[in-house]
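Participant: Got a structure for you, written out below as structure tokens; questions coming shortly.
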Amino acid sequence: PEFDQAVLRIPIVGFLEYCLRGIGQVVFMNSPITGAFILAAAWTHEPYLGFSGTIGVLASTLTALVLGFDRGAIHAGLFGFNGVLVGLALGLFLSPQWDVLVIVWTVVLSAASSILMAALGSVFGGAWGVPPLTLPFNFVTLLFLVSALQLSRGHLGDLVEPGAPAVTGPEVQTALRESASAVGDTDAVAVINAIFRGIGQLFFLNSLLAGVLIIVGIAFCSRIAAGFALVGSAVGMLTGMALGADGVQIYNGLWGFNSFDAALAIAGVFFVLTWRSALLGVLCAIFTAVLFGAIASIFVPWGLPALTLPFCFGTLTFLLLKGASKYFTFVPPADVVT
Amino acid sequence: PEFDQAVLRIPIVGFLEYCLRGIGQVVFMNSPITGAFILAAAWTHEPYLGFSGTIGVLASTLTALVLGFDRGAIHAGLFGFNGVLVGLALGLFLSPQWDVLVIVWTVVLSAASSILMAALGSVFGGAWGVPPLTLPFNFVTLLFLVSALQLSRGHLGDLVEPGAPAVTGPEVQTALRESASAVGDTDAVAVINAIFRGIGQLFFLNSLLAGVLIIVGIAFCSRIAAGFALVGSAVGMLTGMALGADGVQIYNGLWGFNSFDAALAIAGVFFVLTWRSALLGVLCAIFTAVLFGAIASIFVPWGLPALTLPFCFGTLTFLLLKGASKYFTFVPPADVVT
Amino acid sequence: PEFDQAVLRIPIVGFLEYCLRGIGQVVFMNSPITGAFILAAAWTHEPYLGFSGTIGVLASTLTALVLGFDRGAIHAGLFGFNGVLVGLALGLFLSPQWDVLVIVWTVVLSAASSILMAALGSVFGGAWGVPPLTLPFNFVTLLFLVSALQLSRGHLGDLVEPGAPAVTGPEVQTALRESASAVGDTDAVAVINAIFRGIGQLFFLNSLLAGVLIIVGIAFCSRIAAGFALVGSAVGMLTGMALGADGVQIYNGLWGFNSFDAALAIAGVFFVLTWRSALLGVLCAIFTAVLFGAIASIFVPWGLPALTLPFCFGTLTFLLLKGASKYFTFVPPADVVT
């Protein structure tokens, strides 16, 4: 332990470790190795996303240090997981890539996510004993994207496209396909794509390989968590199919990424594992998938993405059951060991 | 009492009693008889709504038992009142009637309302000592309806119709009439319809007779509550008329149902009755009616109904006055006797 | 002190003092003199706004007395600052001026703001130890304006204009100008206008002179607060310019008024002044300006104004940092001395 502490006193090495832990904390893994796998997945899939996520986690962790927030939380990566997601999201939704102003917005908004994390941590922890999850990331990113609609320096890309809500259900094509123009029915290849892209999409990486890398990174830290991640992504996909959702969305993992993180949180992290808590994780994955459909539909007028709001609301709902049932034993955030 | 307990141990009879109490709890009456009157009103007005509400209350109460939630609360019907409303609402807003998939959605979403009830009960009870009222029903139902816009198996009926907000006030016809095509001015018959349909509409029953049956059911348990129910519905109607709201909406009870439940809650249940608390109930009914107009207008882009969100926000606002004034004596939810 | 108390027992004089303090409390100054300056600014700029704000503060303060709310809070003006803003806002957004029904709505809604103040004060104070700021004003005003879209007696003016969100950023003209038809680039005169109109706009007074009067009124009570007010307004303006916002909006103070009150609250009132807390106030002003852009964009479908929601959410976020960092010493609302 003394040697360990000495290493941590070397500022740069320690700081980079907090950042990698921060990346791992998106999937509740307090481990630099999980973080490294995820970061590798991002750089491999699309170098600019890797870069954007990296500056996000650096900026948010540094901000927390400068503002004097809780050291223990910073070391555990709790001021990094929102920042890396802000970076990845803005890397995807702003354009063009490598633009100076886009990078400035990314740094500033990642830094802001740490302020919001501290504020929301106090709101949620104080009154209810639950963590704010990725709400700081969602709020910061969505607020910037919606304001950017009317800003000449907002640098919005094509993925944000305002529209008018309408009853489009009857025209929805439900066969799992990569794109609207692709042909073919739902088959095993499509299902495997949906499940693993559903893992990758939590980090805005629409890629089967990225999904595999992330699962390996999680499994390195906790095989149970990795198992529930896959189950959660599959449950999200199945819920989308049962509801008759757009097959292109499902194929590309959009119905899986919120559900996978929700199942992992409930069944693999915050409740002591029993067959009942495993079932609760599956229920939470279903609930979260329905929330994804709802939030995506609510956001149509502004063309905003649902991001991980469904995960936040779904997981918080099930976390709040902690005092409501004798069947489930809650593990307080401070005692979570992964 | 020993005989009573023996009866309650017979599972089916006891379970059905909890469910009937659950229906009664929508109007804060912990009484199977009030519940039976309301259920009779639903079956009489439209058998499918009676059926849909029945499976809703069965599913939500059963879910609470299976998940091990608080027995006392289940027995008092507190895990049934959201479920019956989910059932009735989906019976009205999904189509066609008696469709297998619609029934499946109704069962699943009613069950989900119990999970949300436990979670929100912990949020509201822990931090503020107030109950979540019918928020679980509102959230579950609205989230499904809005997501169903884009789902091929959403089975949305014609009542959900997205549109664009506009300044339509100047063209509004304010005379109380049954439909846009009906002729005639506001008269005593129209006023009586508005008040009693305002009672029935809390259960999605647009019927004068249903309103009368429900009032009788409430009066069986508490004549004071029944009185404030009628006063609240009348105040809601009058607020709508004063604001110059659409007369067809008012005639059909849409400005009354939230206000009636709000007045009943504030003046008849949660504050010790004095002339001041009676006045507070009237103020709450006015406040709630304005909220109905606002929420209905906010929901225009997605074509969603306001449901009982106005009741929830209006009543919660006035419940939260409990510590603010020396004039009002609050009755904690656990001590409410009706 | 005995003489003082005797004066306060003369009801009218005491009551008017609470009202003037209430006006001062919008900028956190518990001083009738600050209030008198602000009121003078309103009457000078536009007599109807002065009248409308006056009846607002009278109605809300009187309501709090009648409902038996906390005397100390009433005397400090805490039941007046929402009311005066409701009055000023409805004076601007409803039409025509001096209409009897518009005045009735103003009185009723200002009164309602006191009920919401008591309720939200209990919500925020109990769970988190922070004040609800001007949220009661925002909720009451926005809810009425949005419902008025569909009310024949809503008396909405031309400033509320529903539209469809769209990517309008690329066409935005960023030069600071008084109106869309004005010519010329951003110059020192435009900048001075933006900063001082940004002060006046908190009270819906689009006037350089009003801004000067308000700053003088604040400086009478606290020169530090007045300084941060100007800094905050300038920071809001600069944030708008950096983001490439509409120059007409910036010139007319719309990017300044939320940021000025936020900077004043954080750097001048709620944290003990250090160079770090001064910097925190600047960060809060930037954060609040981004929130203004976001909320204005979110409200486009209904044509609603952002009012002071950005100030509320921005300031609350930074207030909630009170327990998160060793660098900042929080002054509880009850101990605030200005």
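The values are calculated or read from the model by the stated rules, or taken from the named source; none is laboratory data. Because the structure is a prediction, the values reported are computed rather than measured. Positions of Cβ are generated from backbone atoms using ideal geometry, with glycine treated the same way; all protein chains shown enter the neighbour counts. What goes into the accessible areas is simple: the full protein's heavy atoms, side chains included, and nothing from ligands, DNA or RNA. Shrake-Rupley method; radii C 1.70, N 1.55, O 1.52, S 1.80 Å.
Participant: Which Cβ of chain A lies nearest the axis of the rotation superposing A onto C, and at what whole-Å distance?
Facilitator: A:127, 3
Participant: Same structure again: Would you work out what percent of the accessible area of the protein assembly as shown, with all protein chains in place, is carbon or sulfur (probe 1.4 Å)? Don't skip to the answer; put the middle values down first.
Facilitator: Details: 24280 of 35860 Å².
With neighbouring chains kept in place, the figure for the protein assembly as shown is 68 percent.
Participant: Something else: Which stretch or stretches of region C:267-302 have amide N atoms under 17 Å from the point lying 7 Å from residue C:331's Cα along the Cα→Cβ direction?
Facilitator: Residues C:267-282 fall inside that zone.
Participant: Quick check on region A:82-172: take the gyration tensor over C-alpha atoms, sort the square-rooted eigenvalues as a ≥ b ≥ c, and tell me if it's rounded (a/c under 1.5), prolate or oblate. Numbers along the way, then the final one.
Facilitator: Values: a/c = 2.53, a/b = 1.24, b/c = 2.03.
Taking the square roots of the gyration eigenvalues as a ≥ b ≥ c, region A:82-172 is oblate.
Participant: Something else: With the other protein chains left in place, how much accessible area per residue, in square angstrom, belongs to chain A at a 1.4 angstrom probe? All intermediate terms of the calculation are to be shown ahead of the outcome.
Facilitator: Values: 11950 Å² over 338 residues.
Solvent-accessible surface per residue comes out at 35 Å².
Participant: Mind checking the alpha-carbon convex hull of chain B and giving the volume per residue in Å³?
Facilitator: Roughly 139 Å³ of hull volume per residue.
Participant: Let me ask another. Going by amide H atoms built from the backbone, whose H comes under 5 Å of the H on residue A:94, apart from near neighbours?
Facilitator: So residue A:94 has HN proximity to A:157.
Participant: Which ³J(HN,Hα) values, rounded to whole Hz and listed in residue order, are derived for region A:135-140 from phi using the Karplus coefficients 6.51, -1.76 and 1.60 in 6.51 cos²θ - 1.76 cosθ + 1.60 with θ = phi - 60°, glycine and proline given as x?
Facilitator: Values, residue by residue: 4, x, 4, 4, 4, 4 Hz.
Participant: Related question: Using a 7 Å offset from Cα along the direction of the beta-carbon, what are the separations from residue A:273 to the same position in each other copy, nm, ascending?
Facilitator: 5.8, 5.8
Participant: Once each part is reduced to its C-alpha centroid, what is the distance from region B:248-264 to region C:34-82 in angstrom?
Facilitator: Region B:248-264 and region C:34-82 have Cα centres spaced 33 Å from each other.
Participant: List the distances, in nm and shortest first, from the label point of residue A:192 to the matching label points in every other copy, placing each point 7 Å from Cα along the Cα-to-Cβ direction.
Facilitator: Its label point is 7.2, 7.3 nm from the equivalent points in the other copies.
Participant: Here's another thing I want to ask about it. For region B:189-332, what is the convex hull (Cα atoms) projected area averaged across all directions, in square nanometres?
Facilitator: Spelled out: convex hull of the Cα atoms, projected over all directions, averaged, 8.5 nm².
Participant: Can you classify region B:19-127 as rounded, prolate or oblate using the Cα gyration tensor, where a ≥ b ≥ c are the square roots of its eigenvalues, rounded means a/c under 1.5, and otherwise it's prolate if a/b beats b/c and oblate if not?
Facilitator: Oblate shape, in that a/c is at least 1.5 and b/c is the bigger or equal ratio.
Participant: C plus A alone minus the pair: what accessible area, both sides summed, probe 1.4 Å, in Å² to 100? Could you put the intermediate results ahead of the total?
Facilitator: Working: alone 14660 and 14650 Å², together 26590 Å².
In total, this chain pair buries about 2700 Å².
Participant: What are the nm distances, shortest first, from residue B:216 to its equivalents in the other copies, labels at 7 Å along Cα→Cβ?
Facilitator: 7.3, 7.3
Participant: Sum -39500 (n - 2.57) across every DSSP H segment of at least 4 residues in chain A, then divide by the residue count to get the 222 nm mean residue ellipticity, nearest 500.
Facilitator: For chain A, the value works out to -20500 deg cm²/dmol.
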